[in-house]
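Below is one structure, written out as structure tokens; comments come after it.
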Amino acid sequence: MEFTIRRDAATVPHKKHWQFCVGSGHALLALRTDYTRQLKFIHDTLGIQRVRFHGIFDDDMRTCNDLRDLFDMDGTEAYREYNFHNCGVAYDNVLEAGMKPFVELSFMPRKLMSRDEARGKEGGFYYKPLIVPPEDEQAWIDYIQAFVKFLIHRYGVEEVRTWCFEVWNEPDLPGAFFNGTRDEYFRLYEITARAIKAVDAAIPVGGPSTSGSKWVKSFLAFCRANDVPVDFVTTHQYAGDPLGGVEDQGDPTSDAEGAPGFDLTAFIASMGGKLSAAKGDAMLDGLRALMGDKSEETDVPNNVFASNSAVVRRQAGGMPLYYTEWNENAGFSAYTNDTRKMAAYDVKAALDVMDNMDGSSIWCFSDIFEEFHPFPEEFHGGFGMLTHSGIPKPVYHAMKMLADAGDARVVLGEDATWGEIGIAAFRKGRDTQVMLFRQKMKNLDLPKEKATVRVELPEAPARVLLRRVDEEHGNPLKLWEAMGRPRDLNRREAEEIAKASAVCDEPWPSSYADGVLTVEAELGVNDVYFFQILSE
């Protein structure tokens, strides 16, 4: 494939929406030193400004207690406290890392949860969040207001007003995150938003934080009809998300008045018989046999995020729109999560949706993550850009390229990122940068594809550098497998892999004649190349 970058090509702002926020595991993990250390690394090197996590109200944060927890005696339950100290420590660590919290208000403290036994209580995850509405709305309102007042006292009202408060996580997924209907979530949002605004009207509040770009239209219609405060819109999107689609696109699961046609219990029941395909006897082997890798096993399109976010952008109107979770694969433990397939997808997706949102949050920054289980294997198919020992994965290196790209994106035409090899170009002062990526939703074993890039320049550059993610560069998984896949890495081994898989700028051959610089490269499937054409 051949590309030409004209000297007089127009530019548009390169909107690095993904620097707005990044996702992570549940709140208790933010009390760990390794979590804080990795979070600071992500902020310092990628420029990401906020972090979002689940479970700030989970029982392991000990926010709602009474004397019966100590003495199981009649009458002791009347002596209740709200204790947000652990929340404060978590947010202290976030601020210490140079970031701000994107506050996800979840899940339900046991003392406040609905007593309706038919609902079920726990989400189907390792840390067992309680996912039902409150039993007593006024008790929940009092609790939320106590939390906000705690934050204002600890950090000051001007600081807290710079945070975003999002009500719940993926309430459209019963059995996973919310055992209630859409109308019940809307009511939960209403009382929560009003409670916050009653404390301070300038604190930003939003939702509906749904999976698969769902419920935005109906959520905003509800807020308008009932004069419910809403300052921003949030939703999520994964390319391999099997859970329905954006409203008004003909998908009945997204338009239903009640809960959508996905239930975690039914999903787990569908796994029967899959363990017979497991290879190995570790927990990870069994989970991979049960979960599979949707993006490898089926034909998943690579434009779902772009198409759905364009619709949601219109639905949101002029309101700020944040995609507070997105990535290539919705399935935890997929082997390909640790490969450069994630890198190529995230680069392409970040560029494709640039104009569709005001901010976004890649899920997630680290494999310090316990949604299913804290697996000991260094490479276990986690969602993180870093392993739990802090080794950068291919997706980290690719996003570092985008972070280092200039703030002016060269207009190359609508089809520039949709061919066999995609291209994006940037201006950074007098320098030109060119990114090439051969993104595919399956890690196919195909011959390398040649790309020729011609860049019109007034004079020959001082040098051309290449940074790349391919089979031999930025591939720590390969090094770990060559080590024999040790289940637990010591610090020396982790540092050795990180150093050997580091991605560095290297001189790259080029030619210059008649005002045109020419560079060539051959890309394998899901390779990402980043050329820097330097004037000095």
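The values are calculated or read from the model by the stated rules, or taken from the named source; none is laboratory data. These numbers come from a predicted model, not from an experiment. All Cβ positions, even for glycine, are placed from backbone atoms using ideal geometry, and neighbour counts span all protein chains on display. Just so you know, the surface numbers come from the protein's heavy atoms only, side chains and all, with ligands and any DNA or RNA stripped out. Shrake-Rupley method; radii C 1.70, N 1.55, O 1.52, S 1.80 Å.
Between Asp74 and Ala118, the C-beta separation translates, for a Förster distance of 30 Å, into a calculated FRET efficiency of about 0.65.
Which pairs break 21 Å Cα to Cα here: Lys15/Lys400; Lys294/Lys400; Lys100/Lys149?
Lys294/Lys400
Spin-label model, Asp60 to Asp431: label points 7 Å out along the Cα-to-beta-carbon direction sit 4.2 nm apart. Qualifying trypsin sites (Lys or Arg not before Pro) in the stretch 1-50, where qualification requires a DSSP coil assignment and no more than 11 other C-beta atoms within 10 Å, comprise Arg7.
With charges only on Cβ, +1 for K and R and -1 for D and E, what is the dipole size of the chain about its Cα centre, in debye, rounded to 20?
920
Accessible surface for the stretch 5-108, divided over its residues, is 42 Å² per residue with a 1.4 Å probe.
Taking all protein chains into account, the per residue accessible area for the stretch 271-379 stands at 33 Å² (1.4 Å probe).
Rounded if a/c is under 1.5, else prolate if a/b beats b/c, else oblate: with a ≥ b ≥ c from the C-alpha gyration tensor eigenvalues square-rooted, which is the stretch 82-151? The shape class here is oblate. Restricting the calculation to Cα atoms, every distinct pair contributes to the Kirkwood radius of the stretch 416-468, found to be 13.3 Å. Each DSSP beta bridge with both residues in the chain is either parallel or antiparallel, and the antiparallel ones are about 60%. With the cut-off at 1.5 for a/c, could you classify the stretch 311-454 from its C-alpha gyration tensor as rounded, prolate or oblate? It comes out oblate by the Cα gyration axes.
Between 0 and 90 degrees, the angle of helix 340-352 with respect to the longest Cα principal axis of the chain falls at about 90 degrees.
Give, rounded to the nearest 20 debye, the magnitude of the charge dipole that the stretch 114-231 has about its Cα centre when Lys and Arg contribute +1 at Cβ and Asp and Glu contribute -1 at Cβ.
180
The length gained on full extension between Glu81 and Glu459, counted as 0.36 nm times the residue separation minus their Cα-Cα distance, comes to 129.0 nm. Over all other residues within a Cβ to Cβ distance under 9 Å of Ala97, the charged ones net out to 0, with Lys and Arg as +1 and Asp and Glu as -1.
With each label modelled as a point 7 angstrom along the Cα→C-beta vector, the Ala198-Glu135 pair spans 2.1 nm. Note on Lys393: lysines with a C-alpha under 16 Å away, same-chain residues under 8 apart excluded, are Lys341, Lys478, Lys499. Surface composition of the chain: carbon and sulfur make up 50 percent of the accessible area, probe 1.4 Å.
Spin-label model, Asp34 to Leu95: label points 7 Å out along the Cα-to-beta-carbon direction sit 2.7 nm apart.
A simple charge model with +1 on the Cβ of Lys and Arg, -1 on the Cβ of Asp and Glu and nothing else charged puts the dipole of the stretch 1-103 at about 980 debye relative to its Cα centre.
For Pro486, the shell of other residues with beta-carbons less than 9 Å away shows a net charge of -2, using +1 for Lys and Arg and -1 for Asp and Glu. In whole angstrom, the chain maps to an equivalent ellipsoid with semi-axes of 41, 26, 23, each derived as √(5λ) from the alpha carbon gyration tensor and ordered largest first.
A 1.4 Å probe run over the protein chains yields, for the stretch 408-536, 50 Å² of accessible area per residue, whole-number rounding. Placing unit charges on the Cβ atoms of the charged side chains and taking the dipole of the stretch 413-536 about its Cα centre, the candidate lying farthest along the positive direction among Thr518, Asn443, Val464 is Asn443. A straight line joining the Cα centroids of the stretch 331-380 and the stretch 193-238 runs 25 Å. Need the list of lysines near Lys121 for cross-linking: C-alpha distance under 19 angstrom, and skip anything on the same chain fewer than eight residues off. Reachable lysines: Lys111. Per the Cα gyration tensor, the stretch 483-536 maps to an equivalent ellipsoid with semi-axes of 37, 14, 7 Å, ordered largest to smallest. Charged neighbours of Phe426, selected by a Cβ distance under 13 Å, balance to +3 (K, R count +1; D, E count -1). By the helix-only formula, in which each DSSP H run with n ≥ 4 contributes -39500 (n - 2.57) and the sum is divided by residues, the chain has a 222 nm mean residue ellipticity of -8500 deg cm²/dmol. Placing unit charges on the Cβ atoms of the charged side chains and taking the dipole of the chain about its Cα centre, the candidate lying farthest along the positive direction among Leu290, Phe107, Thr235 is Thr235. Taking the longest Cα principal axis of the chain as reference, the axis of helix 33-46 is set at about 40 degrees.
What residue among Ala403, Leu489, Ala500 has its Cα farthest toward the positive end of the dipole of the stretch 401-536, where the charges are +1 on Lys, Arg and -1 on Asp, Glu, each on the Cβ? Farthest along the dipole direction, towards plus: Leu489. FRET efficiency for the Asp285 to Arg6 pair, using the beta carbon distance and R₀ = 56 Å, is estimated at 0.60.
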